[in-house]
Amino acid sequence: MTQNFSFIIAMLGTIAFAVTAVLAVIPKGIDVFGASVMGIITAIGGGTIRDIILDVPVFWSTDLSYIWVALVSSIIAFYGHHWMKKKYIYQLMLYLDAAGIALFVIQGADKVIQLNFAMPVGPVVLGLITAIGGGITRDIIAGNSTLLMKKELYAVPLTIGAIAYVFLVSILPQYSILIGSIVIIFTFLMRAIIIYKKLNVPKWMLIQS
Amino acid sequence: MTQNFSFIIAMLGTIAFAVTAVLAVIPKGIDVFGASVMGIITAIGGGTIRDIILDVPVFWSTDLSYIWVALVSSIIAFYGHHWMKKKYIYQLMLYLDAAGIALFVIQGADKVIQLNFAMPVGPVVLGLITAIGGGITRDIIAGNSTLLMKKELYAVPLTIGAIAYVFLVSILPQYSILIGSIVIIFTFLMRAIIIYKKLNVPKWMLIQS
Amino acid sequence: MTQNFSFIIAMLGTIAFAVTAVLAVIPKGIDVFGASVMGIITAIGGGTIRDIILDVPVFWSTDLSYIWVALVSSIIAFYGHHWMKKKYIYQLMLYLDAAGIALFVIQGADKVIQLNFAMPVGPVVLGLITAIGGGITRDIIAGNSTLLMKKELYAVPLTIGAIAYVFLVSILPQYSILIGSIVIIFTFLMRAIIIYKKLNVPKWMLIQS
């Protein structure tokens, strides 16, 4: 994937992370400061945990666009929440979130592969943390049930994408950019179909409470 | 600010962090061990997260006074909680807490500026984490609602102080010690007035649940 | 202790951590993916936090057996949870957990002593984090009450063991392996007696809610 194109997806994903975070905490009653902190944590939390475990500089320390975009998106989402909650806006945010997590899981896995860290498990584990670590941190701080406890199929397509990427790159390392692009699109499509069809975790994977 | 004076404030802030932490978890039923862990986490948690993100040695590894003072304060607060809950003692703790967070946010921001990390956003973000990260971690572990979800004006004066400090030091770097002292006092006064007047988040900043 | 013997205990402890984690989250309703994440976090979370604070490579990056064993144990526990809940299996898991935490607290403390980090408080604090950090993280993500808020005597024997180990090794450093083995057995026995006799925190250590 080209740098520019993946940067645009990353920024759209960051916007979606921040906006959906703010909309998720508003029902509990929050002020614009707390909402912005939640938006920023959701947007950069996962990548921050990944970089700390990798012991490399946190990604946002050299590119502040992530924090600025998350901050501005959070404030807009806070004051425009009536408008943001409109069905088609919220649906758009869900699909942007899907594009964001599809990109972030593969970008995260790719960073780990470059560092040859804990192969082949490390890229899958840290790719997942990149994509969902921020959202889980947000839910914990807000006192909401985390996505791991929900029946929505959120992390499963990401796991499939990350495993596919690690496997394919290990046999065809010279095509990592092409493979990355295809796997991101494929992961996004899996998640998009789940959103569109409102698919839940299949019964054989689930124990009801 | 002189080293000695800021060390005294830091220790008073540590005592206030530990004592208010223990008093916050006692209503849920806890033993002296758990209470001490909560007191220590509250006192050193924020600075620890900051140092991990900065990738520098955690501050308490070279000066154990923070942990010892937090431990002893926690045990005293635990067994003396009936006395500590007395109105004037608790009020004293609130003002000591205000002095502590005012100091820690600026000290944290200053450490980040020295390392030239993610300027100018890094000092504000990590200064805030230094001051409130421990308290948020405590509330999460105790299963209490975190301060980000409350209507009290706790983090807003800290944010104003941190932004003011970063801005003023960037234009007058040679006066950083003087500026630091003034901003700490100014931040403390903002928070003290909020405590005294029991000010809440203004309505334009808030969405009610 | 010999390398091989301590590796076997570590793997048995990892199995117990993962299995008890999965059984702890199943009542809330979870899928096999979430359960596996919980099992892995519980098994490796504490050591990961320790290594991040120590600023050394996370232990599982050079030995993936911990993650694989936790993953497989979690999946087996998930699909075999009716069988795992049987009284004698669950009791076995409690004792394996006791062996695991006894080993991990002393191994963690020993790693910190080798690095001469924040002596003599560091080994106790980080030994405890090694043993109970994963379980606390699991409870936070699952929205359960953490062990710090419970009346069970879980962390107290670990603290006694860690303090004893640091003290004895400081006066007899040449016998660290022998001392380690004895303290692990002693810590395990304390915890085993607590499980067997169902001992709770004594009243003088407790404030009821």
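Readers should treat all values here as calculations from the given coordinates under stated rules, not as data from a laboratory. The structure displayed is predicted, hence computed values, not measured ones. Cβ coordinates were reconstructed from backbone atoms using ideal geometry, including for glycine residues, and neighbour counts include every protein chain displayed.
Of B:Lys151/C:Lys150; B:Lys86/B:Lys197; C:Lys111/C:Lys151; A:Lys87/A:Lys197; B:Lys28/C:Lys203, which sit over 24 Å apart, Cα to Cα?
Beyond 24 Å between Cα atoms: B:Lys151/C:Lys150; C:Lys111/C:Lys151.
Hey, what number do you get for chain C at 222 nm if only DSSP H runs of n ≥ 4 count, each worth -39500 (n - 2.57), divided across all residues, to the nearest 500?
For chain C, the value works out to -25000 deg cm²/dmol.
If we count every other residue with Cβ under 14 angstrom of B:Val22's Cβ, Lys/Arg +1 and Asp/Glu -1, where does the sum land?
0
Could you give me the ³J(HN,Hα) list for the stretch B:163-171, computed from phi with Karplus coefficients 6.51, -1.76, 1.60 and θ = phi - 60°, whole Hz, x at Gly and Pro?
Karplus-based 3J(HN,Hα) across the stretch B:163-171 equals 4, 4, 5, 4, 5, 5, 5, 5, 9 Hz.
Net charge near C:Leu147, counting Lys/Arg +1 and Asp/Glu -1 over other residues with Cβ under 14 Å of its Cβ?
+1
Taking neighbour Cβ counts within 10 Å as the exposure measure, how do C:Phe5, A:Phe78, B:Phe7 sort from fewest upward?
Details: C:Phe5 11, A:Phe78 27, B:Phe7 14.
Neighbour counts put them in this order, fewest first: C:Phe5, B:Phe7, A:Phe78.
What does the structure give for A:130-138 when I average, per residue, the other chain Cβ atoms found within 10 Å of the residue Cβ? If you can, show how the numbers build up before the last one.
Details: counts 0, 0, 1, 0, 0, 0, 3, 2, 0.
For this peptide, the per-residue mean of nearby foreign Cβ atoms is 1.
Within a 10 angstrom radius of each residue's Cβ in B:147-159, how many Cβ atoms of other chains show up on average? Whole number is fine.
Numbers: counts 2, 13, 10, 4, 4, 1, 2, 2, 4, 4, 0, 1, 3.
What the average comes to for B:147-159 is 4.
What relative contact order, as a whole-number percentage, does the stretch C:151-209 give when Cα pairs under 8 Å and 6 or more residues apart are counted? Show your work: numbers first, answer last.
Details: 29 pairs, mean separation 29.5, N = 59.
This gives 50 percent for the stretch C:151-209.
So if R0 is 45 Å, what FRET efficiency would A:Asp63 and C:Lys197 give, r being the distance between their Cβ atoms, rounded to the nearest 0.05?
0.20
Evaluate the distance, in nm, between pseudo-label points positioned 7 Å from the Cα of A:Leu115 and of B:Ile89 along their respective Cα→Cβ axes.
4.7
What are the ³J(HN,Hα) couplings of the stretch B:103-111, residue after residue, when phi is run through the Karplus curve with 6.51, -1.76, 1.60 and θ = phi - 60°? Round to Hz, x for glycine and proline.
Those phi angles translate into 5, 5, 5, 6, 4, x, 4, 5, 4 Hz.
Count, for each residue of B:76-84, the Cβ atoms from other chains sitting within 10 Å of its Cβ, then give me the mean as a whole number.
1
Looking at the stretch B:117-209, which trypsin sites (Lys or Arg not before Pro) are DSSP coil and have at most 12 other C-beta atoms within 10 Å of their C-beta?
Those that pass, being in a loop and sparsely packed, are B:Lys198.
Could you sort the peptides A:125-133, B:140-148 by per-residue average Cβ neighbour count (10 Å cutoff), highest mean leading?
Put in order of decreasing packing, that is A:125-133, B:140-148.
Once you keep just the Cα pairs under 8 angstrom separated by 6 or more residues, what percentage relative contact order results for chain C?
Relative CO of chain C lands at 24 percent.
Within 10 Å of each residue's Cβ, count the other Cβ atoms and sort C:Trp204, B:Trp68 from fewest upward.
Lowest to highest Cβ neighbour count: C:Trp204, B:Trp68.
Can you compute log10 of I(q)/I(0) for chain C with the Debye formula, treating each Cα as one identical point scatterer, at q = 0.12, 0.15 Å⁻¹?
Each listed q maps to, in turn, -0.59, -0.93.
Give the share of C-alpha pairs in each 20 angstrom bin for the protein assembly as shown, from 0 to the last occupied bin, in whole percents, shortest bins first.
19, 54, 26, 1
At q = 0.14, 0.16, 0.20 Å⁻¹, what base-10 log of I(q)/I(0) does the Debye formula yield for the stretch A:12-117 when every alpha carbon is treated as an equal point scatterer in vacuo?
Taking Cα atoms of the stretch A:12-117 as identical point scatterers yields -0.55, -0.69, -0.98.
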